[in-house]
Amino acid sequence: QAQLVESGGGLVQAGGSLTLSCALSGVIFGSNAWFRQAPGKERDFIAAIRNDGSATYADSGEGRFTISRDNGKRSVTLQMNSLKPEDTAIYYCAGSRTWYSGSSASGYNYWGQGTQVTVST
């Protein structure tokens, strides 16, 4: 059974950094992605990375977010820098058995429970 478990969320001041991790287990994923959802808003794509390490990013990342993976440790990481209050959201790790690395949430079959990120002014 596929399982994705996020960690690393928390409270940070604007301008600070956080590193989110997603531990993968159960199946071999062809790709993984990070999404986020703020209260009252839709779930938005942040970045995706294929098993071969090739990554795609949403324009909204503005170069502040970096996705990476460690296939040996079976984990995916999202490094977030220069955080802003508008980055406050629940951050979700997602996975696909295919090599889909697009921005549509429907392209990912597996989801973690999410981790809260709060950026204060």
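The values are calculated or read from the model by the stated rules, or taken from the named source; none is laboratory data. Note that the coordinates shown come from a computational prediction; the quantities given were computed from them, not determined experimentally. Note that we place each Cβ from the backbone using ideal geometry, even for glycine, and neighbour counts take in every protein chain shown. What goes into the accessible areas is simple: the full protein's heavy atoms, side chains included, and nothing from ligands, DNA or RNA. Shrake-Rupley method; radii C 1.70, N 1.55, O 1.52, S 1.80 Å.
Residues in the stretch 21-43 that are part of a loop (DSSP other than H, G, I, E, B) and open to solvent by 20 Å² or more (accessible area, probe 1.4 Å): G26, V27, I28, A38, P39, G40, K41, E42.
Answer with yes or no whether N81 is under 12 Å from L24 (Cβ atoms) and either of a type outside the set (D, E, K, R) or open to solvent by 30 Å² or more (accessible area, probe 1.4 Å) (or both).
Working: under 12 Å from L24 (Cβ atoms): no; either of a type outside the set (D, E, K, R) or open to solvent by 30 Å² or more (accessible area, probe 1.4 Å) (or both): yes.
So N81 fails the test.
Does D59 satisfy being without any contact (Cβ under 8 Å) to a residue 12 or more places away in the chain and of a type in the set (D, E, K, R)? Answer is yes for this residue.
Would you point out the residue of the stretch 101-113, among those that are touching a Lys or Arg at 6+ places or on another chain (Cβ under 9 Å) and part of a loop (DSSP other than H, G, I, E, B), that is surrounded by the most Cβ atoms within 10 Å (Cβ to Cβ)? Give the derivation first.
If we filter the stretch 101-113 for residues that are touching a Lys or Arg at 6+ places or on another chain (Cβ under 9 Å), which is where we start, we get 101, 105, 109-110.
Filter once more, so that each one left must be part of a loop (DSSP other than H, G, I, E, B): 101, 109.
On the way: S101: 21, N109: 14.
So the residue we want is S101.
Looking across the stretch 1-20, the residues that are surrounded by 17 or more Cβ atoms within 10 Å (Cβ to Cβ) and under 18 Å from G95 (Cα atoms) come down to L4, E6, L20.
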